[in-house]
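Q: Let me begin by handing over the structure; questions about it come next.
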Amino acid sequence: NWSVLTDFNTLTPVRVGHVSNVDISDRTQNDYFAFYYEGVINIPVAGNYTFETRSDDGSKLYIGSYDEANLVVNNDGGHGMRYREGTYNFPEPGAYNIVITFFQGRGGYGMEVYWKNTAHGIGSRQRIPDSAFKADFESPGVIPNSPVNVHANAVSYDKIDLSWEDNNT
């Protein structure tokens with residue numbers, strides 16, 4: 001019975017699983033529930049991306065870890081369906097950690113996530129496609145060679161520096 005998003009680190013999940021995109025249809029009730037999504041988002045082109053959440057009730061979107069320092073979109077609180085946006089600069093293409101949180105109080109409910117980036121050809125808001133949340137990894141088909149000249153140096157009780165020479169093409 002929240003009026004704002006709670007700290008999900010203090011909760012025990014009722015259920016866990018995998019989804020291809022942000023989706024609240026798997027809820028077990030229509031009032032008083034929450035979702036925590038954690039995964040990767042594939043960024044095809046470096047640059048500024050504007051993310052939006054459209055939710056009833058509260059939602060937040062983080063790039064990196066689930067930490068207020070990484071908050072990009074804050075659409076928190078009890079309210080009807082509304083948009084809030086934030087922009088994040090990705091210095092290079094690749095896979096980045098993303099966390100999206102949502103809670104539902106009473107009454108209407110909904111949760112959607114959008115993005116746009118003109119360098120990527122998306123000039124207006126678009127629902128983030130399932131393909132953006134898939135791991136973008138293809139096996140090379142051959143086993144890589146082992147590295148050579150591997151060295152480990154104990155720097156402190158909780159840190160080790162590793163160095164090696166790559167032995168692959």
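Q: Which numbered condition in (1) farther than 19 Å from His18 by Cβ; (2) surrounded by fewer than 18 Cβ atoms within 10 Å (Cβ to Cβ); (3) within 17 Å of the chain's Cα centre (by Cα) is the only one that Gln29 fails?
A: It is condition (3) that Gln29 fails.
Q: Test Asp158 against the criterion of being open to solvent by 70 Å² or more (accessible area, probe 1.4 Å), of a type outside the set (Val, Ile, Thr) and over 18 Å from Asn42 (Cβ atoms), and give yes or no.
A: Details: open to solvent by 70 Å² or more (accessible area, probe 1.4 Å): yes; of a type outside the set (Val, Ile, Thr): yes; over 18 Å from Asn42 (Cβ atoms): yes.
Spelling it out, Asp158 is indeed open to solvent by 70 Å² or more (accessible area, probe 1.4 Å), of a type outside the set (Val, Ile, Thr) and over 18 Å from Asn42 (Cβ atoms).
Q: Being assigned to a loop (DSSP other than H, G, I, E, B) and over 14 Å from the mean Cα position of the chain (by Cα) is the filter here; which residues of the range 65-100 pass it?
A: Residues of the range 65-100 that are assigned to a loop (DSSP other than H, G, I, E, B), as a first pass: 65-67, 76-81, 91-93.
Within the range 65-100, Asp76, Gly77, Gly78, His79, Gly80, Met81, Pro91, Glu92, Pro93 qualify.
Q: While we're here: Say we look at the range 58-109 and pick out the residues that are on the phi > 0 side of the Ramachandran plot and out of contact with any helix residue (DSSP H, G or I) (no Cβ under 9 Å at 6 or more places or on another chain); which of these is modelled with the lowest pLDDT? Full working, then the answer.
A: Of the residues in the range 58-109, the ones on the phi > 0 side of the Ramachandran plot are 64, 77, 94, 107.
From the residues that got through so far, the ones that are out of contact with any helix residue (DSSP H, G or I) (no Cβ under 9 Å at 6 or more places or on another chain) too are 77, 94, 107.
Values: Gly77: 94, Gly94: 91, Gly107: 87.
Looking at residues that are on the phi > 0 side of the Ramachandran plot and out of contact with any helix residue (DSSP H, G or I) (no Cβ under 9 Å at 6 or more places or on another chain), I get Gly107.
Q: Do we find a residue being open to solvent by 70 Å² or more (accessible area, probe 1.4 Å) and part of a strand (DSSP E or B) anywhere in the range 1-10?
A: no
Q: Additional query: What's the number of the condition Val72 fails, among (1) without any contact (Cβ under 8 Å) to a residue 40 or more places away in the chain; (2) open to solvent by 30 Å² or more (accessible area, probe 1.4 Å); (3) not polar (S, T, N, Q)?
A: Going through the list (1) without any contact (Cβ under 8 Å) to a residue 40 or more places away in the chain; (2) open to solvent by 30 Å² or more (accessible area, probe 1.4 Å); (3) not polar (S, T, N, Q), Val72 breaks only (2).
Q: Name the pairs: first residue in the range 1-15 and in contact (Cβ under 8 Å) with a residue 40 or more places away in the chain, second residue open to solvent by 70 Å² or more (accessible area, probe 1.4 Å) and part of a loop (DSSP other than H, G, I, E, B), Cβ to Cβ under 9 Å, at least 6 apart or on different chains?
A: Asn1/Tyr32; Asn1/Arg106; Trp2/Tyr32
Q: Looking at the range 40-63 only, could you name the residues that are open to solvent by 30 Å² or more (accessible area, probe 1.4 Å) and touching a strand residue (DSSP E or B) at 6+ places or on another chain (Cβ under 8 Å)?
A: Val40, Val45, Ala46, Asn48, Arg54
The values are calculated or read from the model by the stated rules, or taken from the named source; none is laboratory data. This is a predicted model, so every value here is computed, not measured. Positions of Cβ are backbone-derived with ideal geometry, glycine not excepted, and every protein chain shown enters the neighbour counts. Please note that ligands, DNA and RNA were not included when accessible areas were found on the heavy atoms of the full protein model with its side chains. Shrake-Rupley method; radii C 1.70, N 1.55, O 1.52, S 1.80 Å.
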